[in-house]
Amino acid sequence: MRVYVPVDAAARAVGADDVATALGSFAAVDVVRTSSRGMFWIEPLVEVDTPAGRVAYGPVATEDVPALIESLRTGAAHPLGHGLIQTHPWLAGQRRLTFARAGLHDPLDLGAYAATGGWRGLKAALQLDGAAIVEEVVRSGLRGRGGAAFPAGIKWRTVLATPADQKYIACNADEGDSGTFADRMVMEGDPYLLIEGMIIAGLAVGADQGFIYIRSEYPDAERVFGEAVRRATSAGFLGPNVLDSGRAFALHLRRGAGAYICGEETAMLESLEGKRGMVRPKPPLPAVAGLFGQPTVINNVLTLAAIPTILDQGGVFYAEFGMGRSRGTLPFQLAGNIKHGGLIEVPFGLTLRQLIYDFGGGTATGRPVRAVQVGGPLGPYLPAAALDTPLDYEAFASAGGMIGHGGIVVFDDTVDMAVMARYAMEFCAIESCGKCTPCRIGSVRGVEVIDRLVAGGPRRDAQLSLLRDLCDTLEQGSLCAMGGMTPYPVRSALQHFPEDFGLPKAPPLPA
Amino acid sequence: MRDVQPIWTNEASSGALHRVRCAGESIVSLSALENTAVRDAIAACAHLAGACLPLLHHVHDALGYVPPAAVPAIALALNLSQADVHGVISFYHDFRSAPPQRHVVRLCRAEACQAMGGEALSLQLKRVAPPDVTVEPVYCLGLCASAPAAMIDGKLVARLSPARLDKVLTGFAGQR
């Protein structure tokens, strides 16, 4: 009997290794460790091969294993059973392009990767010249998935058009936003997909060296991805002669060191060069003068992981998904106080309500949703009344939100939004690189002003206008998005939840 | 560290200063273990592009901290000033300058974990963590759909609760 147990960090963190060991102790059981489906509320999720497909059980604890084996033997139903996993509504309601392989096989199995469509995008790219690859990406409408949503093809065009002896591909895997884990799942669960995307990017712009900057908080991702690079190199996908094409591409892995700011692209470049992660002024754009001063494509993991699909199936195929100027799919990540949290890859255009209630099942605590933060620690807080905005970069922004990297953190009605606003300033103070004054000093003053505001007293109005003024200075005067966007969660908390600061309650939003 | 060959460029005068401080007796303040860790890291990483971070990680992985007395040798090997190396060490949250306690609990303090009671766990640690436990904040371990999360002695733990944390701390006591 063949059973599958995820080896994803989020499965291991709730005991998947022990469950796999317990299952493996039965002589008749053959355990395969796979990537995760991204259904984290039922991890550890054990799947069993049947003639009809894989049947899932979860969350399985070590002590459940003997009874589970017994019911598999007798064919009796088990209380942890979820039936055929492919037909589970949570998965059936998604359109997985980037995460098509999630949960299927051993992430490091090169044979399984090739058998499920792997390397087809690379082989297609090897038939094209650089400009044709870039135009295919332009056609797809793919926009940077790291948060800024800049069109990937346009960025590639700039690097292609900049003459230089040495160009680089730099993959930003410093996924520091709370509520996000899709990059981690790609690196741990489908590393060859990202490698393939990076090679194609190299072919497109004429770069024969790639760097990936993986945050130190992701030890599993670093281990798996590093091993994938070694295996892909010995199999001839990476190295001096990619698939006997005469083209070279070498991939170097670097580990971050716990600085959130290194997710900002220019700070990441400094860190890759071995320096303090201090933000660089732009221009010059990294596409013109980036890593070690050379033209550099910097893309997020999800952007590069979308590339093989685009080259394999065509830019037009990818662009058919989505709405408005937001084309393709986005792997949303549902987290925080949520009943069914995990990875939901869908075309742009669904609403937060659909994600949080239809997929997520509401809060984990069963209490009402009070606030939702989309797009990481720099994203505004939205009240429950604003959940019907479609998730499209432009539509969501016009409603005061930010999609960012697609992380959605849900809070129930016990949250104190003044505490969250203070935390936003505090986080900025801890993580500021210190290069510009508004961010370095303004964040510290922000914590103090919020403390005085919440404490009350006769000068409350003055504190409030001071805080607003400080937010304006941060937004207008900071060098990068760290200081520039820290005001967003603070202002939105003030706007929608003034009562938490001891201020008069906000009028309800119009329906 | 007498066997470390400096890679001089054109900064002969400042180089001489390093040479005196590195080849001289200040390096003796490194223990044998520290000395080996630094020497190994230099051998493994000094040739890399942007070598400083990988080298410091190498030392940190071996020792759990980067001894301040290792800065001159690292600077010498990378042809950087000591201020540069110190600047890198002090910029990044990951690099400790002194050994941690026997156990290290890195509790996630970011939003998704706060939404699931991370603050209560932080207070619990402040209240009851024994002196042989180093408690550090970490901002996101990527386990946000299974919050709250922590890294305990290098192992990731999700769906942490006050009771489970208590069990972990009791387990530490059993190892004492």
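The values are calculated or read from the model by the stated rules, or taken from the named source; none is laboratory data. Everything quoted here is computed from the prediction, not taken from an experiment. Neighbour counts run over all protein chains shown; Cβ positions are idealised from the backbone, glycine included.
Regarding A:GLU227, is this residue charged (D, E, K, R) and either farther than 23 Å from B:ALA51 by Cα or away from every other protein chain (no Cβ under 14 Å) (or both)?
For A:GLU227, the condition - charged (D, E, K, R) and either farther than 23 Å from B:ALA51 by Cα or away from every other protein chain (no Cβ under 14 Å) (or both) - is met.
What tally of residues in segment B:143-176 results from selecting those that are aliphatic (A, V, I, L, M), in a helix (DSSP H, G or I) and under 24 Å from A:ASP8 (Cβ atoms)?
Counting residues in segment B:143-176 that are aliphatic (A, V, I, L, M), in a helix (DSSP H, G or I) and under 24 Å from A:ASP8 (Cβ atoms) gives 3.
Looking only at helices (runs of 4 or more DSSP H) that lie completely in segment A:107-193, which have at least 3 residues being hydrophobic (A, V, I, L, M, F, W, C) and away from chain B (no Cβ under 14 Å)?
A:110-115, A:120-126, A:130-140, A:152-161
Taking the conditions exactly as written (assigned by TED's automatic domain parsing to the domain that holds B:VAL59 and either assigned to a strand (DSSP E or B) or modelled with pLDDT of 95 or more (or both)), does B:VAL85 satisfy them or not?
Considered against the rule, which asks whether it is assigned by TED's automatic domain parsing to the domain that holds B:VAL59 and either assigned to a strand (DSSP E or B) or modelled with pLDDT of 95 or more (or both), B:VAL85 comes out as yes.
Quickly run through segment B:41-53 and pick out the residues that are under 15 Å from A:ARG276 (Cβ atoms) and either touching a Cys at 6+ places or on another chain (Cβ under 8 Å) or surrounded by fewer than 24 Cβ atoms within 10 Å (Cβ to Cβ) (or both).
Matches in segment B:41-53: B:GLY50, B:ALA51.
Can you name every residue in segment B:90-106 that is assigned to a loop (DSSP other than H, G, I, E, B) and either closer than 24 Å to A:PHE427 by Cα or within 14 Å of chain A (Cβ to nearest Cβ) (or both)?
Passing the criteria: B:TYR92, B:HIS93, B:ASP94, B:PHE95, B:ARG96, B:SER97, B:PRO100.
Within segment A:394-511, which helices (runs of 4 or more DSSP H) (wholly inside it) include 3 or more residues that are closer than 30 Å to A:GLY328 by Cα?
A:481-485, A:487-496
Kindly establish whether A:TYR381 is modelled with pLDDT of 95 or more and surrounded by fewer than 23 Cβ atoms within 10 Å (Cβ to Cβ).
Judged against the criteria, A:TYR381 is not a match.
If you scan segment A:241-256, which residues turn out to be more than 10 Å from A:PHE211 (Cα to Cα), charged (D, E, K, R) and within 14 Å of another protein chain (Cβ to nearest Cβ)?
Result: A:ARG255, single match.
Which of (1) more than 12 Å from chain A (Cβ to nearest Cβ); (2) at pLDDT 95 or above does B:ASN79 not meet, given it meets every other one?
B:ASN79 satisfies all of (1) more than 12 Å from chain A (Cβ to nearest Cβ); (2) at pLDDT 95 or above except (1).
Taking segment A:7-31 as the search range and keeping residues that are over 26 Å from the mean Cα position of the chain (by Cα) and of a type in the set (A, V, I, L, M), which one is surrounded by the most Cβ atoms within 10 Å (Cβ to Cβ)?
If we take residues in segment A:7-31 being over 26 Å from the mean Cα position of the chain (by Cα) and of a type in the set (A, V, I, L, M), then A:VAL19 is surrounded by the most Cβ atoms within 10 Å (Cβ to Cβ).
With B:CYS113, B:CYS140 as the choices, which residue is in contact with a helix residue (DSSP H, G or I) (Cβ under 8 Å, 6 or more places away or on another chain), part of a loop (DSSP other than H, G, I, E, B) and within 28 Å of B:HIS57 (Cα to Cα)?
One residue alone meets the criteria, B:CYS140.
Surrounded by 23 or more Cβ atoms within 10 Å (Cβ to Cβ) and more than 11 Å from A:SER178 (Cβ to Cβ): does that describe B:LEU107?
When the stated conditions are applied, B:LEU107 passes them.
Quick check on segment A:445-467: of everything there that is free of Cβ contacts under 8 Å to residues at least 24 places away in the same chain and not small (Gly, Ala, Ser), which residue is surrounded by the most Cβ atoms within 10 Å (Cβ to Cβ)?
So, considering only residues that are free of Cβ contacts under 8 Å to residues at least 24 places away in the same chain and not small (Gly, Ala, Ser), the one surrounded by the most Cβ atoms within 10 Å (Cβ to Cβ) is A:VAL449.
Which residue, of A:ALA148, A:ALA204, is at pLDDT below 95 and farther than 13 Å from A:VAL301 by Cα?
Sole residue among the options that is at pLDDT below 95 and farther than 13 Å from A:VAL301 by Cα: A:ALA148.
Quick one: A:GLY375 ticks every box in (1) on the phi < 0 side of the Ramachandran plot; (2) crowded, with 19+ Cβ neighbours inside 10 Å bar one, so which box is it?
It is condition (1) that A:GLY375 fails.
Among the numbered conditions (1) within 14 Å of chain B (Cβ to nearest Cβ); (2) touching a residue at least 40 places away in the same chain (Cβ under 8 Å); (3) farther than 27 Å from A:LYS505 by Cβ, tell me where A:ALA429 comes up short.
(2)
Looking at segment B:59-76, which of the residues that are within 14 Å of another protein chain (Cβ to nearest Cβ) and surrounded by fewer than 20 Cβ atoms within 10 Å (Cβ to Cβ) is nearest to B:LEU48 (Cα to Cα)?
Applying the filter and picking the extreme gives B:ASP61.
Condition test on A:THR363, is it more than 19 Å from A:ALA9 (Cα to Cα), modelled with pLDDT of 95 or more, buried (at least 20 other Cβ atoms within 10 Å of the Cβ) and in the same structural domain as A:ALA384 (by TED's automatic domain parsing)?
Numbers: more than 19 Å from A:ALA9 (Cα to Cα): yes; modelled with pLDDT of 95 or more: yes; buried (at least 20 other Cβ atoms within 10 Å of the Cβ): yes; in the same structural domain as A:ALA384 (by TED's automatic domain parsing): yes.
Judged against the criteria, A:THR363 is a match.
With (1) at pLDDT below 95; (2) within 23 Å of the chain's Cα centre (by Cα); (3) among the aliphatic types (A, V, I, L, M) as the list, and B:ALA173 as the residue in question, which single condition is left unmet?
If we test B:ALA173 against (1) at pLDDT below 95; (2) within 23 Å of the chain's Cα centre (by Cα); (3) among the aliphatic types (A, V, I, L, M), just (2) comes out false.
If I ask for residues that are of a type outside the set (Lys, Arg), within 12 Å of chain A (Cβ to nearest Cβ) and farther than 24 Å from A:THR365 by Cβ, which ones from segment B:111-168 would you list?
B:GLU136, B:MET151, B:ILE152, B:GLY154
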